[in-house]
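Comments concern the structure below.
The values are calculated or read from the model by the stated rules, or taken from the named source; none is laboratory data. The structure displayed is predicted, hence computed values, not measured ones. So basically every Cβ, Gly included, is an ideal-geometry build from the backbone, and we count neighbours across all protein chains shown.
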Amino acid sequence: MERPQRSQASPLGGSRRARLTGSHLRIRRCEYLLAAYFLYTCVLAETLPAPRPIAFVAPLLNALVLAAYALLVAVDSLRHRLLLGVIRDWYPLALMLLAYREIGWFAQPHAPRLENLWIVWDRFLLERCGLHAAIEILGPVLPSILEIAYTLVYALAPFSLAMLYVYRRRARVAPFLFVFVLGVLLCYAQYPLWPSEPPRTVFRGQDFPSYLTIFRRFNWWMLGGYGIHTSVFPSAHVAGAFSAAFAMRRHLPEKPWVGRLLLVLAILIATATVYGRYHYLADAVAGFAMSLVAAAAGRVFTRSS
């Protein structure tokens, strides 16, 4: 009588058979999203009055990126190596950086029509509603906390993936990435539609925080060197932060502290974007709306899987 074969445990959770037959053998939804986005930027390169080299460079670069991605997916499906699967888990985060830089190529000259409308709502919130004074009631303490939170926005997605690995829930990486990637790309895709500049540059010296902390100096340096000028609406910082929080609350319910921490950070980041004059209130609200759309789509697709 044959003995039943034991399933071999994966170092990151799940059995070997689950790894060989699981969802990672199919094209993941976040991979469809990234492919659609890079095809979209190819269309932008041909239709918008961008510098001539972009019309050639963008399609060529995106073709290489998508070809490399397709090769990674194919090899992962055939070889079933843990290293390949891990690379596939993290590759979308690298592509998000490229997606951000690419959309910056399509900045268009514009009059500050939207900015003049949005600043009215900001000043109502900051001055008439007292948000500016409330944040500075303890001196530089709360402004520093907000600036630190704003800096940490770049670490939220890597932190989330790391927690899924630590708690042996790697099978949930794909649905997490779908929500996070969708929330951010919904913002990037709209940037050419709403050409705008942040309040810190359009209204330089106006409505600024009273405290110029070292953390604020760092954020200004980062944005000055690596920021784009296509648009600030909707806020991808806010969308990404809340998308990560909502996705982790859904896909790692066994460890509620992770989702709660991310949600607190998302609230701080949204506040920092307006208080620090990185975004308008309208940007933050729209970014939050994009995260709700992404979270709802994640729930729909999870139920239909």
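Would you call R101 within 30 Å of Y278 (Cβ to Cβ) and either loosely packed, with under 14 Cβ neighbours inside 10 Å or at pLDDT 95 or above (or both)?
Values: within 30 Å of Y278 (Cβ to Cβ): yes; either loosely packed, with under 14 Cβ neighbours inside 10 Å or at pLDDT 95 or above (or both): yes.
So R101 fits the description; yes.
Annotation note: of R128, R88, the sole residue that is surrounded by fewer than 19 Cβ atoms within 10 Å (Cβ to Cβ), among the basic types (K, R) and out of contact with any strand residue (DSSP E or B) (no Cβ under 8 Å at 6 or more places or on another chain) is R128.
Suppose the filter is modelled with pLDDT of 95 or more, on the phi < 0 side of the Ramachandran plot and under 15 Å from the mean Cα position of the chain (by Cα); does V184 pass it?
Values: modelled with pLDDT of 95 or more: yes; on the phi < 0 side of the Ramachandran plot: yes; under 15 Å from the mean Cα position of the chain (by Cα): yes.
Taking the combined requirement at face value, the residue satisfies it.
For W194, the conditions (1) of a type in the set (F, W, Y); (2) over 27 Å from A134 (Cα atoms); (3) in contact with a helix residue (DSSP H, G or I) (Cβ under 6 Å, 6 or more places away or on another chain) are fulfilled apart from (3).
Selection of segment 187-241 for residues being among the aromatic types (F, W, Y) and farther than 16 Å from D283 by Cβ yields F208, Y211, F215, F218, W220, W221, Y226.
Restricting segment 150-181 to residues that are aliphatic (A, V, I, L, M) and in contact with a Ser or Thr (Cβ under 7 Å, 6 or more places away or on another chain) leaves a set whose member that is surrounded by the most Cβ atoms within 10 Å (Cβ to Cβ) is V179. The residue pairs whose first member lies in segment 149-164 and is farther than 14 Å from S243 by Cβ and touching a residue at least 60 places away in the same chain (Cβ under 8 Å), whose second member is assigned to a helix (DSSP H, G or I) and charged (D, E, K, R), and whose beta carbons are closer than 7 Å, counting only pairs six or more residues apart or on different chains, are L164/R170; L164/R172.
Please verify whether segment 90-105 includes one or more residues that are under 30 Å from Y37 (Cα atoms), assigned to a helix (DSSP H, G or I), acidic (D, E) and touching a residue at least 24 places away in the same chain (Cβ under 8 Å). Give the derivation first.
First, pick out the residues of segment 90-105 that are under 30 Å from Y37 (Cα atoms): 90-105.
Still in the list and also assigned to a helix (DSSP H, G or I): 90-105.
Subsequent filtering for residues that are acidic (D, E) retains 102.
Filter again for touching a residue at least 24 places away in the same chain (Cβ under 8 Å), leaving 102.
Yes, some residue in segment 90-105 is under 30 Å from Y37 (Cα atoms), assigned to a helix (DSSP H, G or I), acidic (D, E) and touching a residue at least 24 places away in the same chain (Cβ under 8 Å).
Entry remark, segment 63-85: residues being touching a residue at least 40 places away in the same chain (Cβ under 8 Å) and in a helix (DSSP H, G or I) number 5 in total.
For (1) within 18 Å of L152 (Cα to Cα); (2) surrounded by 17 or more Cβ atoms within 10 Å (Cβ to Cβ); (3) touching a Pro at 6+ places or on another chain (Cβ under 9 Å); (4) among the aromatic types (F, W, Y), each residue gets a yes or a no:
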residue	(1), (2), (3), (4)
W257	yes, no, no, yes
L261	yes, no, no, no
A266	yes, yes, no, no
Y275	yes, yes, yes, yes
Y278	yes, yes, yes, yes
A282	no, yes, yes, no
G287	yes, yes, yes, no
M290	no, yes, yes, no
A295	no, yes, no, no
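If only one of Y211, Y226 is farther than 16 Å from M290 by Cα and touching an Asp or Glu at 6+ places or on another chain (Cβ under 9 Å), which one is it? It is Y211.
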